[in-house]
Amino acid sequence: MDRAALADADCGISQALGVMGDGWTFLIVRDIAGGTTRFDALQRALGVSRRALTERLARLVEHGVLHRRQYSAHPPRYDYLLTAKGEGLLPVLVALQDWGTRHVMGSGVLTATAASAPGSASTSGSASGSGSGSDFGSGEVRRVHALTGRRLPAVTLTAHDGTPVDLGAPVSWMLLYCFPGAFAPDAHGYPPGWGDIPGAPGCTLESLTYADRHPAFLAKGVAVHGVSTQRPDQLAAFAAHARLPFPLLSDQDLMLTAGLLLPTFRAAGVDRLKRLTLLADPTGVIREVQFPITDPAASVDEILARVPAP
């Protein structure tokens, strides 16, 4: 079926494929979401021909998925940025990544830790705070640890109190501990079977441990933030219940998740972050990564020990 036939089909999937065209186009959107916005950088990262990249960028601009912002007049050069229409593709990218990680690269097991390769043992038995590549040698683990040296994307998340937090403009060391979901006792927010998903329980314990160690992080000049795909009101209820002294950030639109290709799993129809921790320096460069985390409380002291002395 050619692209014209796809575009004319009376089906949303077919119409979407008529715009996106092929796998290269999805990868272009993926890399732009991650902060690679200039032609030459995209061409180097993807290894696609200049002609093919030019054609696909032009098509995405034509369909309103991307817009161009000029950064050089002589010669004319542009950043390619996601529009609101383009940002609507981020859940699609996250779903593709989750499906590929779990069912193509992994064994198909639903887990909130690291997906195991087909035929390998479960990853839920480690007693350490966070795993290493030698303990969990999956592609997912390698991908997450490859974030070391990457810059946090310039995305703004909403804190539980409604305050916008720009991750692209840090003023100090920043710790982001990502967790699947935490709810106040009367919220009844946990999906059925939550306790049976490896790595899902422990968000309250992890947050309370960070709250207990918060003065030690402040003494080292580190601003602590929790991150979840939950709504801000859900995070506000939990933060009030747990009396947390630091903000919880909502990535309900998956801007950070898609920008860094953070690992996710899907439960009760919601994309949820797997448990991991990122430590970024005052320039926004990620210096430490914890993943997978199988002992939420122990992981807090482990990452605290990795913070450089002030």
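In the stretch 67-97, the residue that is modelled with the highest pLDDT out of those that are among the polar types (S, T, N, Q) and more than 12 Å from VAL29 (Cα to Cα) is GLN70. Name the residues in the stretch 30-48 that are on the phi < 0 side of the Ramachandran plot and in contact with a Pro (Cβ under 9 Å, 6 or more places away or on another chain), would you? Within the stretch 30-48, ALA33, GLY34 meet the criteria. The set of residues from the stretch 23-58 being among the acidic types (Asp, Glu) and touching a residue at least 12 places away in the same chain (Cβ under 8 Å) comprises just one member, ASP31.
Examine the stretch 41-51 for a residue that is out of contact with any Ser or Thr (no Cβ under 7 Å at 6 or more places or on another chain), surrounded by fewer than 14 Cβ atoms within 10 Å (Cβ to Cβ) and outside any helix (DSSP H, G or I), and state whether such a residue exists. Checked the stretch 41-51: at least one residue is out of contact with any Ser or Thr (no Cβ under 7 Å at 6 or more places or on another chain), surrounded by fewer than 14 Cβ atoms within 10 Å (Cβ to Cβ) and outside any helix (DSSP H, G or I). The test for being within 22 Å of ASP271 (Cα to Cα), of a type in the set (A, V, I, L, M, F, W, C) and not in a strand (DSSP E or B) does not hold for ALA169.
If we keep just the residues of the stretch 58-100 that are touching a Phe, Trp or Tyr at 6+ places or on another chain (Cβ under 6 Å) and either of a type in the set (S, T, N, Q) or surrounded by 19 or more Cβ atoms within 10 Å (Cβ to Cβ) (or both), which is nearest to THR264 (Cα to Cα)? It comes out as LEU66.
Within the stretch 246-273, residues that are touching a residue at least 12 places away in the same chain (Cβ under 8 Å) sit with their Cβ atoms under 8 Å from residues that are outside any strand (DSSP E or B) and of a type in the set (Phe, Trp, Tyr), at 6+ positions apart or across chains, in these pairs: PHE246/TYR210; LEU248/PHE238; PRO263/PHE291; ALA267/TRP194; LEU273/PHE179. If you go through the stretch 187-198 and pick out every residue that is of a type outside the set (A, V, I, L, M, F, W, C) and either open to solvent by less than 50 Å² (accessible area, probe 1.4 Å) or in contact (Cβ under 8 Å) with a residue 12 or more places away in the chain (or both), you end up with 5.
With the structure loaded, tell me whether PRO185 is more than 13 Å from SER250 (Cα to Cα) and either among the aliphatic types (A, V, I, L, M) or at pLDDT below 95 (or both) or whether it fails that test. When the stated conditions are applied, PRO185 passes them.
Of everything in the stretch 148-183 that is among the hydrophobic types (A, V, I, L, M, F, W, C) and surrounded by fewer than 17 Cβ atoms within 10 Å (Cβ to Cβ), the residue that is nearest to ASP31 (Cα to Cα) is ALA154.
Are any of the residues in the stretch 139-147 free of Cβ contacts under 8 Å to residues at least 60 places away in the same chain and in a helix (DSSP H, G or I)? Yes: one or more hits. Out of curiosity, is ALA223 in contact (Cβ under 8 Å) with a residue 60 or more places away in the chain, open to solvent by 10 Å² or more (accessible area, probe 1.4 Å) and either more than 22 Å from the chain's Cα centre (by Cα) or at negative phi (or both)? Considered against the rule, which asks whether it is in contact (Cβ under 8 Å) with a residue 60 or more places away in the chain, open to solvent by 10 Å² or more (accessible area, probe 1.4 Å) and either more than 22 Å from the chain's Cα centre (by Cα) or at negative phi (or both), ALA223 comes out as no.
Just the residues that are within 23 Å of THR257 (Cβ to Cβ) and either aromatic (Phe, Trp, Tyr) or touching a strand residue (DSSP E or B) at 6+ places or on another chain (Cβ under 8 Å) (or both), please, taken from the stretch 39-69. LEU42, LEU60, VAL65, LEU66, HIS67, listed by residue number. Restricting attention to the stretch 291-310, the residues being closer than 14 Å to PHE217 by Cβ and of a type outside the set (Val, Ile, Thr) number 9. Scanning the stretch 259-283 for residues that are within 16 Å of the chain's Cα centre (by Cα) and surrounded by fewer than 17 Cβ atoms within 10 Å (Cβ to Cβ) yields ARG266, VAL270. Determine which member of the set THR54, THR101 is more than 20 Å from the chain's Cα centre (by Cα) and assigned to a helix (DSSP H, G or I). Answer to the check: THR54.
Residue count for the stretch 150-200 satisfying the condition of being closer than 24 Å to GLY34 by Cα, in contact with a His (Cβ under 9 Å, 6 or more places away or on another chain) and aliphatic (A, V, I, L, M): 7.
The values are calculated or read from the model by the stated rules, or taken from the named source; none is laboratory data. The shown structure was predicted, so the numbers you read here are calculated from the model rather than taken from an experiment. Methodologically, a virtual Cβ is constructed for each residue, glycine included, from the backbone with ideal geometry; neighbour enumeration extends over all protein chains shown. Calculation scope for accessible area: heavy atoms of the full protein, side chains included, ligands and nucleic acids excluded. Shrake-Rupley method; radii C 1.70, N 1.55, O 1.52, S 1.80 Å.
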